[in-house]
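Engineer: Take a look at the following structure, please.
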């Protein structure tokens, strides 16, 4: 079954041009993050002879304020960036989906408690909360950063999943499952969740997009301890440490991480156009 | 049919009332129904839309949906089990292991994004009745029994099956756990006549092979003739007549049943001789005083407008709820 499904998914992706482009961009960035660091060593020794060297064959993206190769930094940074955002996206979606499904299906007092919790969390403004948490913890660990980034976003997810479940649970086939003596947990996770998968999938991608914005922002404003190669750190240094933003011949140092951040966003958003198709059983045989 | 308690009753429904609560009003979808269903018989319940058939059937599984509530009565299953008093876990096991139901609109009873085979396995897993291999074998056997290609059907998503195929799959699914009672709610609605005939043949076969009690609900009298032995007629939430198939068809004793007979077209009959029942189905919010059928009944006398007739036993082992059953011919 696994091989068949994978092949089907692939052919669906090829059909949808936008999703295909998106998945190619994502694939390229992921490969870069996985293989790049193995191929290119990161040398952090300053090389003052080539500070802000413009792009060339040797340094395709030029050099930074202490003469390090920018492309190498981007490649090493990709691993950190991806780990953090995928963790954050996963945590957001898993917690949000579980809370939403349980609140929506079980109803009653469970729903009341979970909905109230969601409402309370939603009243706290997102980015400030994240900044405060990051500033307090001063963590370097990707998992902790992922948790901080989803501190508030799971609640949006939970609320929208809950409302989807409310409309779903009155459907005939859920009624039928009840008549078959299927337990509540199995109805929720084996009957309702599969139907909401396209929704969950798209929200997963958007949660990643949000986490990317937020994590870059955290490094950019410098509330998290520097991890030398995160794209956000590069921006932070360019803006605030080295002053590259004010130096006309150093523009490439500012633009490089921005381009990769935008590229990753575009990849994610284009890929999200294919999610609906991937989960639509009518396109499968 | 004897009125005494006897161990052969699979269902003993006493004084069952189910009400749906609306904002201010409530509707009695099932109104003090008393009914005994014998073990192994094929029992039919006929009634027009809104007469309470489905609600009655759902109560047999204690599955009345909100805002409905069973407000009084008892449903004793197999002589000792009160369906309305089962707790969560007992109820889950009771459903589908003892009593299975093929829903009205079985076409919508499948999860659109899960393959048929997986949906059937889910039910087996849940009840832990068989391991996976045995489960798959059982599913194949049942799908063959309803004349479907097991391999193909199990791999299909619901939208890949036709209406008739879905209906048959649903029947196969209902038999997964060898239930003692099979409830079929309008199993042939929305199907073309060929598929209808097909389903009815399958039901007749199944009865011979499995020997389960079958409870068939429909508004279409014609489909009962193929399978049913005894039949109850429902009107406005009440049983108005219970009799054997032959008695009901040849000698109806309730004016409503008589009306149904005269309004049912036959293949060879003259359509212009059909006599519709005058008036329209009752407004459940404001039922007429007395017998609920009195405004449409040609036999109405004064008593009918004042006293709601109880379901009483009359000669010939049958029950009828009419003041004037002696005059109905």
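Read the figures in this text as sums done on the coordinates, not as results from a lab. The structure displayed is predicted, hence computed values, not measured ones. As a convention, Cβ positions derive from the backbone with ideal geometry for all residues, glycine included, and neighbour counts pool all protein chains shown.
Engineer: Calculate the FRET efficiency for residue B:326 and residue B:286 from the Cβ-Cβ distance with a Förster distance of 35 Å, rounded to the nearest 0.05.
Structural biologist: Rounded to the nearest 0.05, the efficiency is 0.70.
Engineer: Now for a separate question. Shielding of B:104-112 by partners, i.e. mean partner chain Cβ atoms within 10 Å per residue?
Structural biologist: On the way: counts 1, 2, 3, 2, 5, 9, 3, 12, 7.
That average works out to 5.
Engineer: Same structure, new question: Can you give me the angle between helix A:2-15 and the longest principal axis of chain A, using Cα atoms only, in degrees from 0 to 90, rounded to the nearest 10?
Structural biologist: The angle comes out at about 70 degrees.
Engineer: Please say if segment B:7-89 is rounded, prolate or oblate, where rounded means a/c under 1.5 for a ≥ b ≥ c the square roots of the C-alpha gyration tensor eigenvalues, and otherwise the choice is prolate for a/b larger than b/c and oblate otherwise?
Structural biologist: Values: a/c = 2.22, a/b = 1.43, b/c = 1.56.
It comes out oblate by the Cα gyration axes.
Engineer: Could I ask something else about it? Could you give the C-alpha radius of gyration of the protein assembly as shown expressed as a fraction of 2.2 N^0.38 Å, taking N as the number of residues it contains?
Structural biologist: Cα-based Rg divided by the globular estimate yields 1.33.
Engineer: Now for a different question. Please grab the % of Cα pairs in segment B:41-139 that end up more than 21 Å from each other.
Structural biologist: Pairs farther apart than 21 Å: 47 percent.
Engineer: For a label point 7 angstrom out from the Cα of residue B:245 toward its Cβ, which stretches of segment B:151-177 have the backbone nitrogen within less than 12 Å?
Structural biologist: none
Engineer: Then there is this: I need the Debye-formula profile for segment A:215-273: one equal scatterer per C-alpha, no solvent, reported as log10 I(q)/I(0) at q = 0.17, 0.26 1/Å, two decimals.
Structural biologist: Treating every Cα as an identical point scatterer, log10 I(q)/I(0) equals -0.58, -1.00.
Engineer: How far apart, in nm, are two points set 7 Å out from the Cα along the Cα-to-Cβ line at residue B:89 and at residue A:258?
Structural biologist: 6.4 nm
Engineer: May I have the pair-distance distribution P(r) for segment A:152-223, computed from all Cα-Cα distances with 10 Å bins from 0 and rounded to whole percent?
Structural biologist: 17, 38, 23, 13, 7, 2
Engineer: Something else about it: Using the alpha-carbon atoms, what tilt in degrees (0 to 90, nearest 10) does helix B:193-210 show relative to the longest principal axis of chain B?
Structural biologist: Helix B:193-210 and the main axis of chain B meet at about 80 degrees.
Engineer: Using a Förster distance of 30 Å, how high is the FRET efficiency between residue B:208 and residue B:317, based on the Cβ-Cβ distance and rounded to 0.05?
Structural biologist: Computed FRET efficiency for residue B:208 and residue B:317: 0.75.
Engineer: Now, a different point. Can you give me the distance in nm between label points at residue B:137 and residue B:82, each placed 7 Å from the Cα along the Cα-to-Cβ direction?
Structural biologist: Between residue B:137 and residue B:82, the label points sit 4.2 nm apart.
Engineer: Pairs of Cα atoms under 8 Å, at least six residues apart: use those to get the relative contact order of chain A, whole percent.
Structural biologist: 28 percent
Engineer: Roughly how many nanometres apart are two label points built 7 Å out from the Cα toward the Cβ at residue B:149 and residue A:66?
Structural biologist: Between residue B:149 and residue A:66, the simple spin-label model gives 6.9 nm.
Engineer: For the protein assembly as shown, what does the helix formula give at 222 nm: sum of -39500 (n - 2.57) over DSSP H segments with n ≥ 4, over the residue count, nearest 500 deg cm²/dmol? Before the final figure, lay out each step's value.
Structural biologist: On the way: 22 runs with 305 residues, N = 614.
When only DSSP H runs of four or more count, the value is -16000 deg cm²/dmol.
Engineer: Provide a whole-number value for the mean count of partner chain Cβ atoms within 10 Å of the Cβ atoms in peptide A:179-191.
Structural biologist: 6
Engineer: Could you rank the peptides A:78-89, B:38-49 by their average count of other C-beta atoms within 10 Å per residue, with the highest value first? Walk me through the numbers before you get to the answer.
Structural biologist: Numbers: A:78-89: 22.7, B:38-49: 19.7.
Going by the mean number of other Cβ atoms within 10 Å, highest first, we get A:78-89, B:38-49.
Engineer: Continuing with this model, one more query. Let's test the formula: R0 of 45 Å, r as the Cβ-Cβ distance of residue A:183 and residue A:83. What FRET efficiency results, to the nearest 0.05?
Structural biologist: It comes out at approximately 0.80.
Engineer: Taking the Cα atoms only, what angle lies between the long axis of helix A:251-279 and the longest principal axis of chain A, rounded to 10 degrees?
Structural biologist: Relative to chain A, helix A:251-279 is tipped by roughly 20 degrees.
Engineer: Which value, in Å³ per residue, describes the convex hull spanned by the Cα atoms of segment B:165-268?
Structural biologist: 120 Å³
Engineer: Expected output is a single nm value to one decimal: the length gained when fully extending between residue A:47 and residue A:266, i.e. 0.36 nm times separation in residues minus the C-alpha distance. What is it? Before the final figure, lay out each step's value.
Structural biologist: Details: separation 219, 0.36 × 219 = 78.84 nm, distance 3.39 nm.
Fully extending the segment from residue A:47 to residue A:266 adds 75.5 nm.
Engineer: For a distance above 34 Å, tell me the whole-number percent of Cα pairs in segment A:47-268 that qualify.
Structural biologist: Cα-Cα pairs of segment A:47-268 separated by over 34 Å account for 30 percent.
Engineer: For chain B, what does the relative contact order come out to in percent, with C-alpha contacts under 8 Å and a separation of six or more?
Structural biologist: 19 percent
Engineer: I would also like to ask the following. Semi-axes of the equivalent ellipsoid for chain B, please: Cα gyration tensor eigenvalues, times 5, square-rooted, ordered largest first, whole Å. Show your work: numbers first, answer last.
Structural biologist: Values: eigenvalues 244, 103, 69 Å².
Over the Cα atoms of chain B, the semi-axes work out to 35, 23, 19 Å.
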